[in-house]
Protein chains: 2
Amino acid sequence: MIKMALMGHGVVGSGVAELFFKHKKDYEKKVGDELDLKYILDLRDFPDLEYSDRFTKDFDDIINDDEIKIVVEVMGGVGAAYSFVKQCLQKGKSVATSNKELVATHGAELLKIAKEQNANFLFEASVGGGIPIIRPIFQCLSANDILEIDGILNGTTNYILTKMIEGNSFEDALKTAQELGYAERDPSADVEGADACRKICILAALAFGKHVYPDWVHTEGITKITLDDVDCASKAGYVIKLIGRTTVCGNGSITAAVYPAFVPKTSQLSGVDDVFNAILVRGDAVGDAVFYGRGAGKLPTASAVVADVIDCAKHIEHRRRLDWDDCTDATYVKPISECDAKMFIRAKADSTIADKVKSAFGTEIFAEKDGVVAFFTNTDKESVLDEKLANLDIVSKIRVLDEI
Amino acid sequence: MIKMALMGHGVVGSGVAELFFKHKKDYEKKVGDELDLKYILDLRDFPDLEYSDRFTKDFDDIINDDEIKIVVEVMGGVGAAYSFVKQCLQKGKSVATSNKELVATHGAELLKIAKEQNANFLFEASVGGGIPIIRPIFQCLSANDILEIDGILNGTTNYILTKMIEGNSFEDALKTAQELGYAERDPSADVEGADACRKICILAALAFGKHVYPDWVHTEGITKITLDDVDCASKAGYVIKLIGRTTVCGNGSITAAVYPAFVPKTSQLSGVDDVFNAILVRGDAVGDAVFYGRGAGKLPTASAVVADVIDCAKHIEHRRRLDWDDCTDATYVKPISECDAKMFIRAKADSTIADKVKSAFGTEIFAEKDGVVAFFTNTDKESVLDEKLANLDIVSKIRVLDEI
């Protein structure tokens with residue numbers, strides 16, 4: 001029998017328990033051994049559950065019980081969660097987590113401890129919720145050099161942007177998202193891009209083999225997007241999506257960033273609406289593969305956590321070789337100002353604006369409304385574009401991703 | 001050092017060799033051991049390759065060499081390929097194959113031998129080419145009860161249907177597909193649905209745990225689809241796609257079938273064009289997950305084969321627990337006539353056609369052209385619908401999948 005502990009009985013944690021007890025027989029068949037969920041760690045009381053007797057408020061019960069081989073961490077944050085996960089791994093217990101902040105901040109260190117202790121540290125649920133993406137990248141696409149990953153990684157912002165395409169203002173769309181439970185009362189981690197940033201850090205580390213710290217990643221949210229931007233995008237054959245993007249550069253460095261972008265309507269990512277997520281992985285052999293599904297929610301996320309638990313249990317004595325190296329050099333991520341870009345611009349009109357645009361970027365103005373013109377730049381280094389744009393009175397500046 | 005053999009040096013086989021030699025160092029790092037491709041089995045001579053010295057025409061070289069731990073089978077067919085793979089597994093060698101016919105026909109037997117010999121039998125490349133789908137279903141979605149799988153599983157027919165949406169006839173679209181190398185000179189395995197049938201058999205076995213033989217699966221191709229059907233679909237908010245579909249029934253049986261179907265334009269599958277494939281997996285916890293990419297081609301398919309090889313090599317002493325049971329009872333797959341369906345119908349008009357349709361199906365005629373009317377039926381058991389349709393002069397009958 002393989003004994004497990006669950007740390008955290010919130011939304012995802014209660015989903016993990018629900019799936020475990022509902023499908024226990026089936027999971028045991030898949031593992032080829034009996035499974036037991038011995039402890040559930042939570043500071044709150046849940047007296048009315050069928051499995052109330054398993055709750056504990058004391059982490060020592062778990063860490064000191066040598067029978068516990070697998071620990072699920074769904075507490076969130078990098079306080080107690082980090083301390084507890086580290087201690088579990090140091091004792092050789094395998095850990096499955098949905099905690100993207102933990103993986104993005106301490107992944108390299110925790111993977112190293114797991115390796116030293118011959119334990120598993122798995123985190124399929126940390127990116128894309130229920131969408132299989134971690135394992136497909138490190139296993140199924142392992143024959144490829146990954147060239148690029150572009151993802152709609154945050155369901156809240158995607159819901160808001162979808163509502164804006166339907167004509168609602170950012171503020172109204174956010175309010176609806178909050179009413180539906182898609183956005184937190186303090187929505188900043190979502191709408192400012194921090195959540196997507198953590199996820200692109202994890203994907204970049206997985207794809208390119210070195211840890212990428214969130215601080216190194218240029219991150220813009222969607223709070224400045226207006227309905228005029230959305231309209232112009234549509235007229236020009238695009239939709240605006242919040243994209244987490246990482247690409248490999250020739251010289252051993254990478255790019256990694258999060259920003260709202262114009263995505264062509266022909267892209268598989270353009271049709272990803274509402275709270276859905278999708279991740280495009282471009283490999284040198286496979287070309288483009290896209291993974292689509294529910295990026296959040298109790299049961300989708302819990303199902304990814306439990307899949308990791310099943311995989312741990314199947315390989316209880318042989319750890320999954322999932323690794324990346326730590327990286328202490330922030331210049332590993334190329335500054336966004338040094339990267340090539342094409343921009344969508346809205347700028348205040350003056351009598352010579354068309355000439356200025358033509359001479360600076362070689363392009364034409366394609367829309368004008370209320371004294372504001374819209375145009376695209378050519379593709380050039382961002383710092384070069386910004387220098388030219390300094391001469392204009394800019395209202396909006398949004399990157400254009402023609403190749404995804 | 002882990003030594004391997006490659007059986008077949010055709011399109012996929014040469015891709016496997018190309019990837020192996022190009023990325024060898026990287027694969028060795030992932031595996032944590034050196035890798036060697038010791039033999040390549042092919043009846044033809046390839047004197048000009050850098051690795052010409054590895055070719056053999058004699059399978060005995062491989063089967064009798066105890067150093068060979070992993071064998072790649074990309075010969076195709078179920079003649080020599082079946083015999084060779086079976087012998088390899090019986091000797092405890094692990095096998096990775098792209099051969100969907102082999103897996104759909106002999107999968108249960110070969111998986112049983114692999115289990116007995118503690119060897120791996122892996123076939124990620126057999127469905128969806130380079131798209132990760134086998135491993136996501138049996139690993140990442142293992143916490144779910146799979147309820148349904150719907151796939152665009154054949155790139156050739158999807159290319160033809162895409163061209164038909166652009167206004168080309170079936171014959172012209174097929175000719176273009178042949179000129180581009182997307183369709184074989186004898187295209188029947190693609191356009192009659194046999195290829196998609198093998199793939200849905202594999203997916204059904206994986207999802208529901210019992211082998212499904214191709215003979216049991218109702219299979220219709222796309223040869224009868226006309227431009228009038230395509231036009232009607234578009235007017236009604238659908239596109240026509242060749243869908244492989246398998247669902248779980250309440251009573252321990254399943255449905256499995258391949259047919260052209262009306263797919264709503266709101267479905268993620270509707271935007272899958274040209275030679276691309278996509279597979280929608282519906283789980284009880286995760287909801288819908290969709291996997292999209294190149295379903296065929298030299299390097300995409302080879303990359304999936306090599307990913308299996310890397311996985312085998314990582315777990316050379318511990319087989320991956322991937323299994324399903326054999327099934328000898330054809331009634332496990334419910335006859336399609338007993339399944340519920342909604343149909344798109346075109347029928348020759350007569351003076352009372354609108355009344356007949358209204359009274360039989362409760363629906364209205366929504367298009368009429370050249371004395372032929374188009375309408376939808378209600379949803380009912382297929383045998384019941386067919387009985388009612390027997391009174392009409394039917395021109396086209398295509399299933400409608402509103403829920404995918």
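Residues that are without any contact (Cβ under 8 Å) to a residue 40 or more places away in the chain, surrounded by fewer than 23 Cβ atoms within 10 Å (Cβ to Cβ) and either small (Gly, Ala, Ser) or outside the structural domain of A:Gly181 (by TED's automatic domain parsing) (or both): does the range A:292-308 have at least one? Within the range A:292-308, none of the residues are without any contact (Cβ under 8 Å) to a residue 40 or more places away in the chain, surrounded by fewer than 23 Cβ atoms within 10 Å (Cβ to Cβ) and either small (Gly, Ala, Ser) or outside the structural domain of A:Gly181 (by TED's automatic domain parsing) (or both).
Of the residues making up the range A:319-334, those that are surrounded by fewer than 22 Cβ atoms within 10 Å (Cβ to Cβ) and in contact (Cβ under 8 Å) with a residue 12 or more places away in the chain are A:Arg319, A:Arg320, A:Leu322, A:Asp323, A:Trp324, A:Asp325, A:Asp326, A:Cys327, A:Ala330, A:Thr331, A:Tyr332, A:Lys334. Residues that are at pLDDT 95 or above, touching a helix residue (DSSP H, G or I) at 6+ places or on another chain (Cβ under 9 Å) and within 29 Å of A:Ser253 (Cβ to Cβ): does the range A:365-374 have at least one? Within the range A:365-374, none of the residues are at pLDDT 95 or above, touching a helix residue (DSSP H, G or I) at 6+ places or on another chain (Cβ under 9 Å) and within 29 Å of A:Ser253 (Cβ to Cβ). Of all the numbered requirements in (1) of a type in the set (Ser, Thr, Tyr); (2) in a loop (DSSP other than H, G, I, E, B); (3) buried (at least 19 other Cβ atoms within 10 Å of the Cβ), B:Thr247 misses one, and that requirement is (2).
Of the residues making up the range A:359-387, those that are free of Cβ contacts under 8 Å to residues at least 12 places away in the same chain and closer than 17 Å to A:Ile336 by Cα are A:Val384, A:Glu387. Within the range A:255-264, can one find any residue that is under 28 Å from B:Arg294 (Cα atoms) and within 10 Å of another protein chain (Cβ to nearest Cβ)? No. If the condition is being over 22 Å from B:Leu147 (Cβ atoms), out of contact with any Pro (no Cβ under 9 Å at 6 or more places or on another chain) and outside any helix (DSSP H, G or I), then the range B:180-211 contributes B:Leu180, B:Gly181, B:Tyr182, B:Ala183, B:Glu184, B:Arg185, B:Asp186, B:Pro187, B:Glu192. Tell me which residues, restricted to the range A:29-48, are touching a Gly at 6+ places or on another chain (Cβ under 9 Å) and among the aliphatic types (A, V, I, L, M). Passing the criteria: A:Ile40, A:Leu41.
The sole residue among A:Asp150, A:Asp190 that is within 12 Å of the chain's Cα centre (by Cα) and in contact (Cβ under 8 Å) with a residue 40 or more places away in the chain is A:Asp150.
Please find, within the range A:7-65, the residue that is surrounded by the most Cβ atoms within 10 Å (Cβ to Cβ) out of those that are basic (Lys, Arg) and over 14 Å from A:Met75 (Cα atoms).
Selected residue: A:Lys30.
For the range B:110-120, the set of residues classified as assigned to a helix (DSSP H, G or I) and over 20 Å from the mean Cα position of the chain (by Cα) consists of B:Lys112, B:Ile113, B:Ala114, B:Lys115, B:Glu116, listed by residue number. Of all residues in the range A:91-109, at least one satisfies being surrounded by fewer than 24 Cβ atoms within 10 Å (Cβ to Cβ), more than 16 Å from the chain's Cα centre (by Cα), assigned to a helix (DSSP H, G or I) and of a type outside the set (D, E, K, R). Candidates A:Asp195, A:Asp229: the one that is of a type in the set (D, E, K, R), in contact (Cβ under 8 Å) with a residue 24 or more places away in the chain and touching a Phe, Trp or Tyr at 6+ places or on another chain (Cβ under 9 Å) is A:Asp229.
Of all residues in the range A:121-179, those satisfying the criterion of being part of a strand (DSSP E or B) and surrounded by fewer than 24 Cβ atoms within 10 Å (Cβ to Cβ) are A:Ile146, A:Leu147, A:Glu148. Criterion first (aromatic (Phe, Trp, Tyr) and either away from every other protein chain (no Cβ under 14 Å) or more than 19 Å from A:Ile137 (Cα to Cα) (or both)) does B:Tyr292 satisfy it? No; evaluated as a whole, the condition is false for this residue.
Only one entry of B:Asp370, B:Asp323 meets the criterion of being farther than 30 Å from B:Gly92 by Cβ and outside the structural domain of B:Leu35 (by TED's automatic domain parsing), and that entry is B:Asp370. When A:Asp323 is tested against (1) within 7 Å of another protein chain (Cβ to nearest Cβ); (2) of a type outside the set (Gly, Ala, Ser); (3) in contact with a Lys or Arg (Cβ under 7 Å, 6 or more places away or on another chain), exactly one condition is not met: (1). Any residue in the range B:166-179 that is not assigned by TED's automatic domain parsing to the domain that holds B:Asp229 sitting within a Cβ distance under 9 Å of a residue that is surrounded by fewer than 19 Cβ atoms within 10 Å (Cβ to Cβ) and not basic (Lys, Arg)? List the pairs, counting only those 6 or more apart or interchain. Here the result reads none, with nothing in the range B:166-179 linked to a residue that is surrounded by fewer than 19 Cβ atoms within 10 Å (Cβ to Cβ) and not basic (Lys, Arg). Take A:Met4 and tell me if it is in contact (Cβ under 8 Å) with a residue 12 or more places away in the chain, away from chain B (no Cβ under 14 Å) and either of a type outside the set (S, T, N, Q) or surrounded by fewer than 17 Cβ atoms within 10 Å (Cβ to Cβ) (or both). No: the conditions fail for A:Met4.
If you go through the range A:5-55 and pick out every residue that is under 24 Å from B:Phe138 (Cα atoms), touching a Phe, Trp or Tyr at 6+ places or on another chain (Cβ under 8 Å) and part of a strand (DSSP E or B), you end up with 4.
Just one of the numbered conditions (1) touching a residue at least 12 places away in the same chain (Cβ under 8 Å); (2) surrounded by 13 or more Cβ atoms within 10 Å (Cβ to Cβ); (3) closer than 30 Å to A:Thr247 by Cβ is not true of A:Lys314: (3). Quick check: is even one residue across the range B:273-285 small (Gly, Ala, Ser) and over 30 Å from A:Ala125 (Cα atoms)? Looking for residues that are small (Gly, Ala, Ser) and over 30 Å from A:Ala125 (Cα atoms), one finds none in the range B:273-285, hence no.
What number of residues within the range B:250-269 are of a type in the set (S, T, N, Q), touching a strand residue (DSSP E or B) at 6+ places or on another chain (Cβ under 9 Å) and surrounded by fewer than 21 Cβ atoms within 10 Å (Cβ to Cβ)?
Total satisfying the criteria: 2.
Exactly one residue out of A:Gly244, A:Gly209, A:Gly193 is within 21 Å of A:Gly155 (Cβ to Cβ), touching an Asp or Glu at 6+ places or on another chain (Cβ under 7 Å) and among the small types (Gly, Ala, Ser), and it is A:Gly193. Reported count of residues in the range A:271-286, each being closer than 20 Å to B:Pro132 by Cα, in contact with a helix residue (DSSP H, G or I) (Cβ under 6 Å, 6 or more places away or on another chain) and within 7 Å of chain B (Cβ to nearest Cβ), is 2.
In the range B:358-372, the residue that is surrounded by the most Cβ atoms within 10 Å (Cβ to Cβ) out of those that are touching an Asp or Glu at 6+ places or on another chain (Cβ under 9 Å) and in a helix (DSSP H, G or I) is B:Phe361.
The values are calculated or read from the model by the stated rules, or taken from the named source; none is laboratory data. All figures in this text were calculated on a predicted structure; none of them were measured in a lab. As a convention, Cβ positions derive from the backbone with ideal geometry for all residues, glycine included, and neighbour counts pool all protein chains shown.
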